[in-house]
Amino acid sequence: MAAKGSAEKSQRKSEARRLRNRMVKSRIRSEIRKFLELIEEKNKEKAVEVYRVCQKLLDTAARKNIIHRRTAARKKSRLIEKLKSLEA
């Protein structure tokens, strides 16, 4: 338990941030899973749409420091690689 009022407030803020970050990361994972399923089904049109959503979520999370910017770049790179493999 926190000893001072400011420490209690800090703890509350920390918990709120943790839950918000968890929600964002969960949404990213869900969209990536959806994208990979579409790649498996070879459904290029819908995969492109879902890729755009994934890209936006990753960029936003990186901008807000929920995930590292290089992690976001790496994930986007791997997703676009899979998308391009459908064309080949």
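The values are calculated or read from the model by the stated rules, or taken from the named source; none is laboratory data. All values derive from a computational prediction rather than experimental measurement. Cβ: placed from backbone, ideal geometry, glycine included. Neighbour counts: every protein chain shown.
Being of a type in the set (S, T, N, Q) and surrounded by 14 or more Cβ atoms within 10 Å (Cβ to Cβ) is the filter here, so list the residues in the range 54-88 that pass it. It would help to see each step written out before you state the result.
Narrowing the range 54-88 to residues of a type in the set (S, T, N, Q): 55, 60, 65, 71, 77, 85.
Of everything in the range 54-88, those that are of a type in the set (S, T, N, Q) and surrounded by 14 or more Cβ atoms within 10 Å (Cβ to Cβ) turn out to be Q55, T60.
Say whether the condition of being among the polar types (S, T, N, Q), part of a helix (DSSP H, G or I), without any contact (Cβ under 8 Å) to a residue 40 or more places away in the chain and surrounded by 12 or more Cβ atoms within 10 Å (Cβ to Cβ) is met by at least one residue in the range 32-53. No. Considering only the range 16-39, how many residues are closer than 19 Å to D59 by Cβ and among the acidic types (D, E)? Total satisfying the criteria: 1.
Please find, among N65, N21, the residue that is on the phi > 0 side of the Ramachandran plot and modelled with pLDDT of 95 or more.
Working: N21 fails: on the phi > 0 side of the Ramachandran plot.
Matching residue, one of N65, N21: N65.
Going through the range 53-86 one residue at a time, which ones are polar (S, T, N, Q) and under 20 Å from E40 (Cβ atoms)?
Residues of the range 53-86 that are polar (S, T, N, Q), as a first pass: 55, 60, 65, 71, 77, 85.
The answer is Q55, S77, S85.
Would you confirm, using the coordinates I've provided, whether A7 is surrounded by fewer than 13 Cβ atoms within 10 Å (Cβ to Cβ), of a type in the set (G, A, S) and part of a helix (DSSP H, G or I)? In short, yes.
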